[in-house]
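**Student:** Mind looking over this structure? Questions follow.
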Amino acid sequence: MPASSPAEGALRPTAQSDGGNAVAKFAALGTYLANLRDDAIRQRYSELSGQLAKVVGEARDIPAGQLDKAFAPADRIFADLNDDCIRSAKAAPL
């Protein structure tokens, strides 16, 4: 089996391209949401997009069993931003 086979955790070129496209779409949505908030939150959305792009860019070299660890920093940022969205929505006038 070649060293870059999907069974060893590496992404096929098409999957890597799809991952990059998904990150770009997520970043666009994040930009929209970030523009509704202050500078600190905008920075967090940028950081999240950067983390996702980093993992997708390095995915070929990440063993399948290590993907959760690779995504952990992005997961933490996403959870914080999700909590912020909930707080913001609850504070908004109806």
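**Student:** Of the residues Leu48, Leu36, which is closer than 23 Å to Ile86 by Cα and loosely packed, with under 14 Cβ neighbours inside 10 Å?
**Tutor:** The match here is Leu36.
**Student:** Scan (1) surrounded by fewer than 16 Cβ atoms within 10 Å (Cβ to Cβ); (2) of a type outside the set (Gly, Ala, Ser); (3) at pLDDT below 90 for the single condition Arg60 breaks and write down its number.
**Tutor:** Exception for Arg60: condition (1).
**Student:** Can I ask one more? If a residue must be within 23 Å of Asp18 (Cα to Cα) and either touching a residue at least 60 places away in the same chain (Cβ under 8 Å) or over 14 Å from the mean Cα position of the chain (by Cα) (or both), how many such residues does the stretch 29-60 contain?
**Tutor:** Residues in the stretch 29-60 being within 23 Å of Asp18 (Cα to Cα) and either touching a residue at least 60 places away in the same chain (Cβ under 8 Å) or over 14 Å from the mean Cα position of the chain (by Cα) (or both): 3 in total.
**Student:** What are the residues in the stretch 73-84 that are surrounded by 12 or more Cβ atoms within 10 Å (Cβ to Cβ) and among the hydrophobic types (A, V, I, L, M, F, W, C), if any?
**Tutor:** Ala74, Ile77, Phe78, Leu81
The values are calculated or read from the model by the stated rules, or taken from the named source; none is laboratory data. Treat the numbers as computed from the prediction; the structure is a model and nothing was measured. Positions of Cβ are generated from backbone atoms using ideal geometry, with glycine treated the same way; all protein chains shown enter the neighbour counts.
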